[in-house]
Amino acid sequence: MVEAALQTPAIGRGVTRRSALRRTFGRKSSIAFLMTLPLILLVALLVLYPALYSIHLATLNKSMERFVGFGNFLFLFKRETFWMVVQQSCIFAITAVIFKALIGFIVAHFVHNIPSKGQRKWRGMLLVPWVIPPAMSCLAWLWLFDPSYSAFNWILDKLSIAAVPWTGNADWARFSVILVNVWIGAPFFMIMYLAALKSVPEQLYEAAAIDGANWWQRMWYVTLPMMRNIMAITALFSLIVTFANFDIVRILTAGGPVDRTHVFATWAFRVGIEGGDLPLGASVSLFMLPILAVAAIFILRDIHRRASEMS
Amino acid sequence: MSTAAITAAAGSARGRRYGSISRDRRWALRWSYFFLVLFAIFFLMPPVYMLITSLKTSQEISAATDPWWVHHPTLGNYIELLTSPTYLTFFRNSALVSVIVVAITMLISVPAAFALSRMRFWGSAALATGVFLTYLIPETLLFIPLFKMFALINEYLDIQLIDRWWVLLVLYPTLTVPFCTWIMIGYFASIPKELDEAALMDGANYRQILTRVFIPVALPGLIAATIFAFTVSWAQFLYPLAFTTSADQLVLPVGIVTSLIKGDVFNWGQIMTGALLGAAPPLIIYAFLMDYYIAGLTAGATKG
Amino acid sequence: MVRRKLTRRRFLATTAASTAVMAMPHVRGAYAAGKLSMGFWDHWVPGANSATTALVNEWAEKEKVEVQIDYIPSQGNKLLITITAEGQARSGHDILSFPSWQPADHARSLEPVDDIMAQLIKENGAVTPIVEYLAKPDGYWLAVPSTVGSQIKGPCSRIDLMKQHAGIDVQALYPAGAPPKADSWTLDTLLKAAEACHKAGFAFGIGLGTTADSVDSAGAIFQSFGAALVDAKGNVTVKSDPVRQALDYYARLARFFPPDAPAWDDSSNNKWLVSGRGALIMNPPSAWAVAKRDAPQVAEQCWTHGMPAGPKGRYAPFLPYFWGIWNFSKNKSAAKSLLVHLSQRSSAEKMVAASGGYDLPSFASFTDFKTWAEEAPPKGTLYHYPNPYKHQILSMAASPAPPKIAVQIYTQGLMTKMTVRHMQGEPMEKTLAWAESEVEGFMRT
């Protein structure tokens, strides 16, 4: 109906003053297209083109003079470090997201429980880790984990517990990276889940209570199904962002010790820019794509499902 | 409270024993506050530690007598940084880049979101999904080809793109525009079409609809998108690390991590001060506009 | 980094909607001989940069050149990243500091400096052999050896702790003002001392990470056994007996290092010493310099001395810096003139003094400056730092491998990674097999 209302003036104008230019700008789809043009250009030039260019780069040799096809990938597949990076990236991402979701869920429930007046204050305090730029908070964590001056080890020492090599031992280093990741990301989950919790209608809980459901059953049969969409989207978003994370590992461990905390992004930086082998770095980064694509497909399916549910 | 009342009624109807309503609720509240305090300690401990360390002299830090309390507080680190031309350059660069990027982002996203949510044209549905998908191509994939692209432009067209802060003005929108567009599409889509029609009846053209009707109504969403764009720009680390190296071109995150950490022994008092001051703008904006911020985050998921 | 500008510079920036073009008008005034931009290594010793700044400004006044100095830290590989980025983009500073293997790695992009080197050698005498090797991979000088930053990473010990727990009097081994009496200072002695100090709670703070300090220490130990991963002709010699001996020794020694040594960077050993927890670190005097400021009671017990001897000789970890001119620079003549000025005897003396004795000039005749004899407390603590009696050989980690391969072995920290793997339980042959595959990867072109 809106379109009909719009078409008439355009045709009217076209009839009275014939001018090609007028007609072009009078048409709705041209305006619409022009309005989206900057977006299209931005994405095409600075996202799509470089992505395709990186595929081209990955087929070149180290000095970028010869074409070597899959040579870089074959080289990577034979390297132990590469498979370690794949494994580490996946484990980090999955573990971190699970814990973020868990902590976010638990904290959201507690915040939801307290009277609404106080909720704003607590929400504000608990979101702080997410608001601070990760590079800054990683510096704080770096100092908290320092081999000689760790404040945590100082506390442990007072409790007569041996000092922990937070970033020096491979397993502890992985733990530390996941810990900082969870610290930064859990508030985001909390906020999303809190909003979702609030949108669950009270009647459902009342109905469940009438049926004699206890706390756990209420959770399982009412809360979780209603929140399923939000949980899925948040988890998948976070999976992708955590998988491609650079800042935390770079500042905290720089990939060490002995490459045990390298993820795709940091290893690509190490190999590509620090090692002067851009094609190899591009190959490493590109390997993220298949994994990310799988996640993207799941997100798309979920969104379409939600969109069709709503309409 | 009604839930609890019904529970109690149901309980007595079935002959089960429940404690008194207020006692149950009070215990639930107590446990909630207890755990909230624990989590608050966990989440707020690093920033507080940053503050404590920033007030220490380097002698006190080296002596390591008590990392969790300041015995001889000093504002020396703050004074040193706030009068240091290098640090102020970092701050200025960050501020310039973030503000300009926010403007660019808004200029690109708002019209695009308007077009995608209101005007049906060929490919609009595909474009809307496509916008969302680009968010999934991470910067960690793009920084290497972009680096080479800019180096080539430098060599053949003699346009200096590497090691200049304004290259970030070109790059940051790729990170902010997709998500902001998505948020705005959500907000615009939730504006009832009747408002459109009413404005059209009054003879408004598209531009007027956009400026007079939409933007005022969607203002919360706009503010949320602005805050998001600012925070993302301010916090960026990888792009500036890869593309800027000279001291006067650095933005805060990279400047602090790579330049303040100088000398064999870190001057951690100064570094923590730098980090705290660097985290201040997003925190301050957050403190004042918290509700918009949170609304923006959740809108992306619930309205989208 | 700290930048020093001499003239007012306004620079305009356009917004990013269009591709930005740089416009930098500036007031030339008296500076008619052009501009020169340089990126120097940011010194570890507090306040040492000022000597370089003063020398550059002095030259700039005389020559009427407008200069711009950036001090780039090596922490976080910043300097390496800058070198790589500028080499790739073929634009950036005119002069940069290049550590160790970097000049050879960027040979194609550096301006030959045979002319000024000939002049400097005639004036100042010969250059240390290892430095010449690194700067002349193809027979001509690629860069000028820099006084600033060139360092020996020999042991810096705590006199009191070594005496008390290891029974070693480092002042007697390396007396101030006299030749060393260090025949008993061998790798075996080092191992015993490391064990004793570790038991006493004051472990030796030697890193096993992938940054320069850790790699240089490992490199010297390997060379003490005559172990090379790749020989001078480019053959892979990972699975050779000297390498096995070196790996076995170093892994045994590494068990007495702090537990998080594999994650140490270049600042960790300094912090270890300044905090009072370490009996020995392998570092140039920067740690002692900071201890003077922040922990004087530690500083007055520090003694810098020579390395222990191994089966094939006494090798000291050496890290030379070079000043290199990019061949895409637009003001090469000014750059060369500046480098000659910085390599004068008087300039070198000022730099060494400002760095508290840290900087080591590479010209033979420069090793007799007063600074090293006079630095205190304690008096004579740096006397043996510049290797005045030449009783140890300056070693470059990863040599004698060809430069392009050596730079990879060095920057990837292959030797320390091997040590960590073997120390944590991996069988030697498996570690060697892994190292061999890594080296084969480095051979890629």
**OP:** Could you tell me which numbered condition A:LEU144 fails, if it satisfies all but one of (1) surrounded by fewer than 24 Cβ atoms within 10 Å (Cβ to Cβ); (2) modelled with pLDDT of 90 or more; (3) within 30 Å of B:ARG26 (Cβ to Cβ); (4) not polar (S, T, N, Q)?
**Re:** (3)
Original post:
Looking at B:PRO145, is it in the same structural domain as B:THR181 (by TED's automatic domain parsing), in contact with a Pro (Cβ under 6 Å, 6 or more places away or on another chain) and either under 30 Å from A:ALA268 (Cβ atoms) or without any contact (Cβ under 8 Å) to a residue 40 or more places away in the chain (or both)?
Top reply: yes
Original post:
Within the range A:202-311, which helices (runs of 4 or more DSSP H) (wholly inside it) include 2 or more residues that are under 25 Å from B:PRO138 (Cα atoms) and β-branched (Val, Ile, Thr)?
Top reply: A:224-243, A:247-252, A:288-310
**OP:** List every residue pair whose Cβ atoms lie under 6 Å apart, where the two residues are 6 or more positions apart in sequence or sit on different chains, the first residue falls within the range C:64-77 and is part of a loop (DSSP other than H, G, I, E, B), and the second residue, located anywhere, is among the hydroxyl-bearing types (Ser, Thr, Tyr).
**Re:** C:LYS64/C:TYR31
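Listed here are the residues, each with its yes/no results for (1) farther than 23 Å from B:ALA280 by Cα; (2) among the small types (Gly, Ala, Ser); (3) at the interface with another protein chain (Cβ under 7 Å from one of its Cβ atoms); (4) under 22 Å from the mean Cα position of the chain (by Cα).
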residue: B:THR105; (1), (2), (3), (4): no, no, no, yes
residue: B:PHE114; (1), (2), (3), (4): yes, no, yes, no
residue: B:GLY130; (1), (2), (3), (4): yes, yes, no, no
residue: B:TYR135; (1), (2), (3), (4): yes, no, no, yes
residue: B:PRO145; (1), (2), (3), (4): yes, no, yes, no
residue: B:LEU152; (1), (2), (3), (4): yes, no, no, no
Original post:
Can you tell me which of C:SER97, C:SER157, C:SER150, C:SER146 is closer than 20 Å to C:ARG345 by Cβ, in a strand (DSSP E or B) and at pLDDT 90 or above?
Top reply: C:SER146
Original post:
Does B:THR176 qualify as being more than 14 Å from chain C (Cβ to nearest Cβ) and among the polar types (S, T, N, Q)?
Top reply: no
Subject >> the range C:158-208, residues that are under 29 Å from C:GLY413 (Cα atoms) and touching an Asp or Glu at 6+ places or on another chain (Cβ under 6 Å) >> reply: C:GLY207
Original post:
Assuming A:ILE233 fulfils every condition listed in (1) of a type in the set (A, V, I, L, M); (2) modelled with pLDDT under 80; (3) surrounded by fewer than 19 Cβ atoms within 10 Å (Cβ to Cβ) apart from one, which condition is it?
Top reply: (3)
Subject >> A:ALA96 vs. criteria surrounded by 20 or more Cβ atoms within 10 Å (Cβ to Cβ) and at pLDDT below 85 >> reply: no
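Here is a list: B:ILE223, B:ILE215, B:ILE162. Which entry is over 22 Å from A:ALA244 (Cβ atoms), assigned by TED's automatic domain parsing to the domain that holds B:PHE288, in contact (Cβ under 8 Å) with a residue 60 or more places away in the chain and surrounded by 19 or more Cβ atoms within 10 Å (Cβ to Cβ)? Show your work before the answer.
On the way: B:ILE223 fails: surrounded by 19 or more Cβ atoms within 10 Å (Cβ to Cβ); B:ILE215 fails: surrounded by 19 or more Cβ atoms within 10 Å (Cβ to Cβ).
Sole residue among the options that is over 22 Å from A:ALA244 (Cβ atoms), assigned by TED's automatic domain parsing to the domain that holds B:PHE288, in contact (Cβ under 8 Å) with a residue 60 or more places away in the chain and surrounded by 19 or more Cβ atoms within 10 Å (Cβ to Cβ): B:ILE162.
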Subject >> C:GLU375, sole failed condition from (1) of a type outside the set (Phe, Trp, Tyr); (2) modelled with pLDDT of 90 or more; (3) surrounded by 19 or more Cβ atoms within 10 Å (Cβ to Cβ) >> reply: (2)
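Against the condition modelled with pLDDT of 90 or more and touching a Pro at 6+ places or on another chain (Cβ under 7 Å), how does B:ILE104 come out, does it pass? Full working, then the answer.
Details: modelled with pLDDT of 90 or more: yes; touching a Pro at 6+ places or on another chain (Cβ under 7 Å): yes.
Against the criterion (modelled with pLDDT of 90 or more and touching a Pro at 6+ places or on another chain (Cβ under 7 Å)), B:ILE104 qualifies.
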Original post:
Would you pick out the residues in the range B:239-255 that are at pLDDT 85 or above and either touching a Ser or Thr at 6+ places or on another chain (Cβ under 6 Å) or within 7 Å of another protein chain (Cβ to nearest Cβ) (or both)?
Top reply: B:LEU250, B:VAL251, B:LEU252, B:PRO253
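Only one of these is over 28 Å from B:PHE147 (Cβ atoms) and among the aliphatic types (A, V, I, L, M): C:LEU96, C:LEU120. Name it. Before you say what the answer is, go through the steps one by one.
Working: C:LEU96 fails: over 28 Å from B:PHE147 (Cβ atoms).
The conditions single out C:LEU120.
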Original post:
Any idea how many residues of the range C:39-83 are within 8 Å of chain B (Cβ to nearest Cβ) and among the aromatic types (Phe, Trp, Tyr)?
Top reply: 2
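From the list A:GLY256, A:GLY276, which residue is surrounded by 20 or more Cβ atoms within 10 Å (Cβ to Cβ), more than 19 Å from A:ILE55 (Cα to Cα) and more than 9 Å from chain B (Cβ to nearest Cβ)?
Result of the check over A:GLY256, A:GLY276: A:GLY256.
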Original post:
Of all the residues that make up the range C:387-445, how many are in a loop (DSSP other than H, G, I, E, B), away from chain A (no Cβ under 11 Å) and touching a residue at least 40 places away in the same chain (Cβ under 8 Å)?
Top reply: 11
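So, in the range C:265-274, how many residues would count as being at the interface with chain B (Cβ under 7 Å from one of its Cβ atoms) and closer than 14 Å to C:GLN75 by Cβ?
Our first condition is that a residue be at the interface with chain B (Cβ under 7 Å from one of its Cβ atoms); within the range C:265-274, this holds for C:266-267, C:270-271, C:274.
Those left that are additionally closer than 14 Å to C:GLN75 by Cβ: C:266-267, C:270-271.
Counting residues in the range C:265-274 that are at the interface with chain B (Cβ under 7 Å from one of its Cβ atoms) and closer than 14 Å to C:GLN75 by Cβ gives 4.
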**OP:** Out of the residues in the range A:165-190 that are under 25 Å from C:LYS417 (Cα atoms) and facing another protein chain (nearest Cβ under 9 Å), state the one that is surrounded by the most Cβ atoms within 10 Å (Cβ to Cβ).
**Re:** A:THR167
**OP:** Specify which of the listed residues (C:LEU229, C:LEU273) is of a type in the set (A, V, I, L, M) and either in contact with a strand residue (DSSP E or B) (Cβ under 7 Å, 6 or more places away or on another chain) or farther than 26 Å from C:GLU426 by Cα (or both).
**Re:** C:LEU273
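Restricting attention to strands (runs of 3 or more DSSP E) lying wholly within the range C:275-347, give those where 2 or more residues are closer than 19 Å to C:PHE222 by Cα and either within 14 Å of another protein chain (Cβ to nearest Cβ) or of a type in the set (Val, Ile, Thr) (or both).
C:280-282
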**OP:** Kindly establish whether C:GLY425 is crowded, with 16+ Cβ neighbours inside 10 Å and assigned by TED's automatic domain parsing to the domain that holds C:PRO284.
**Re:** no
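What residue, of B:LEU127, B:LEU168, is in contact with a Ser or Thr (Cβ under 8 Å, 6 or more places away or on another chain) and buried (at least 22 other Cβ atoms within 10 Å of the Cβ)?
Working: B:LEU127 fails: buried (at least 22 other Cβ atoms within 10 Å of the Cβ).
Of the residues listed, the single one that is in contact with a Ser or Thr (Cβ under 8 Å, 6 or more places away or on another chain) and buried (at least 22 other Cβ atoms within 10 Å of the Cβ) is B:LEU168.
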Subject >> Cross-chain or 6+ apart pairs with Cβ under 8 Å, the range A:190-218 first and over 25 Å from A:THR234 (Cβ atoms), then hydroxyl-bearing (Ser, Thr, Tyr) >> reply: A:GLU206/B:SER2; A:GLU206/B:THR3; A:ALA209/B:THR3; A:ALA209/B:THR7; A:ALA213/A:TYR221
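Out of the residues in the range B:39-63 meeting the condition of being within 14 Å of chain C (Cβ to nearest Cβ) and part of a helix (DSSP H, G or I), tell me which one is surrounded by the most Cβ atoms within 10 Å (Cβ to Cβ).
Step one: of the range B:39-63, the residues within 14 Å of chain C (Cβ to nearest Cβ) are B:56-63.
Now restrict to residues that are part of a helix (DSSP H, G or I): B:58-63.
Values: B:SER58: 19, B:GLN59: 13, B:GLU60: 20, B:ILE61: 21, B:SER62: 23, B:ALA63: 16.
The residue in question is B:SER62.
The values are calculated or read from the model by the stated rules, or taken from the named source; none is laboratory data. All figures in this text were calculated on a predicted structure; none of them were measured in a lab. Reconstructed Cβ throughout: ideal geometry from the backbone, glycine too, with neighbour counts over all protein chains shown.
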